[in-house]
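The values are calculated or read from the model by the stated rules, or taken from the named source; none is laboratory data. What you are looking at is a predicted structure, and each value in this text was computed from that prediction instead of being measured. Just so you know, the surface numbers come from the protein's heavy atoms only, side chains and all, with ligands and any DNA or RNA stripped out. Shrake-Rupley method; radii C 1.70, N 1.55, O 1.52, S 1.80 Å.
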Amino acid sequence: MSLSPQDKLSRSPLYRQLAELGAEFAEVSGTACAMSFGEDLEAEVEQANSLAICDLSALPRAGFKGREAQSWPAAQGLVISPDNNMSILQDDGSLVARLADSEVLILSDLACESGLCAAITEAWSPDPDPGVYPVPRADTNCWFMLSGSHADAMFAKICGVDLRPHKFPHLAIAQTSIARLNGIVIRADAGDTLAYHLLTDSASAGFIWTCLLDAMGEWGGVPVGLNALRTLDT
């Protein structure tokens with residue numbers, strides 16, 4: 001039986017829209033997450049291979065800023081790219097994105113088996129001064145994944161950065177405008193399927209969701225649940 005999002009204190013800012021589309025919810029990391037949309041898993045996986053959007057706002061994420069934003073996380077065991085606007089997959093499947101010399105972003109693996117976000121947040125203390133401070137990404141940013149062979153063409157309608165695979169490599173980062181909202185785009189393919197993480201202001205989640213669904217319509221793109229992406233990622 002599907003969980004009601006209202007049963008959880010933590011839920012996506014889009015839970016009403018997701019429910020109206022027929023989402024079936026389950027608890028993920030203490031948050032109500034859309035796991036499917038009534039289709040059988042095979043159909044949703046096929047959709048995700050063509051063009052789909054998945055709300056990952058229930059999954060853990062964290063961030064740090066400051067003069068030691070590279071050295072302090074590295075001392076906690078994170079592997080960080082030597083270059084800005086590149087990310088590195090960690091051994092546990094989580095993703096560490098270097099946004100600037102003074103900022104990193106940490107995204108959970110899709111299976112939510114890694115405790116990295118919680119562990120590094122708990123490891124931080126203001127005393128003595130570590131040279132970094134936490135950024136509450138789980139509160140400030142909604143998080144989507146856009147997947148499928150048409151995903152780059154869809155982005156071309158709402159983003160000025162060329163995100164085609166031969167121009168925008170796996171694990172590259174673009175900090176840019178998406179439908180006139182500031183956003184972070186990270187290419188992170190799910191298995192053999194082209195895929196992009198998108199994070200933007202959680203207060204604008206409804207607006208960007210509507211824009212993305214409209215942009216996807218040309219190729220028949222629709223939402224899928226987390227189960228489909230987890231299947232692709234295995």
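Cross-link reach is defined here as a Cα-Cα straight distance under 19 Å, omitting same-chain residues fewer than 8 places apart; for LYS167 the aspartates and glutamates meeting it are ASP83, ASP152, ASP189, ASP192. Mean-square fluctuations from a GNM of the chain, with a 10 angstrom spring cutoff on Cα atoms, peak among LYS65, LYS167, LYS157 at LYS167. Once the Cα-Cα distance is subtracted from the 0.36 nm per residue extended length, the GLU39 to ASP91 segment shows a gain of 15.5 nm.
Using heavy atoms of the protein chains and a probe of 1.4 Å, the accessible area assigned to ARG11 is about 90 Å². Could you tell me the relative contact order of the chain? Use alpha-carbon pairs under 8 Å, at least six residues apart, and round to a whole percent. Computed value for the chain: 24 percent relative contact order.
Relative to the dominant Cα principal axis of the chain, helix 41-50 is inclined by about 70°. Note on the chain: the alpha carbon radius of gyration divided by the globular reference 2.2 N^0.38 Å gives 0.97.
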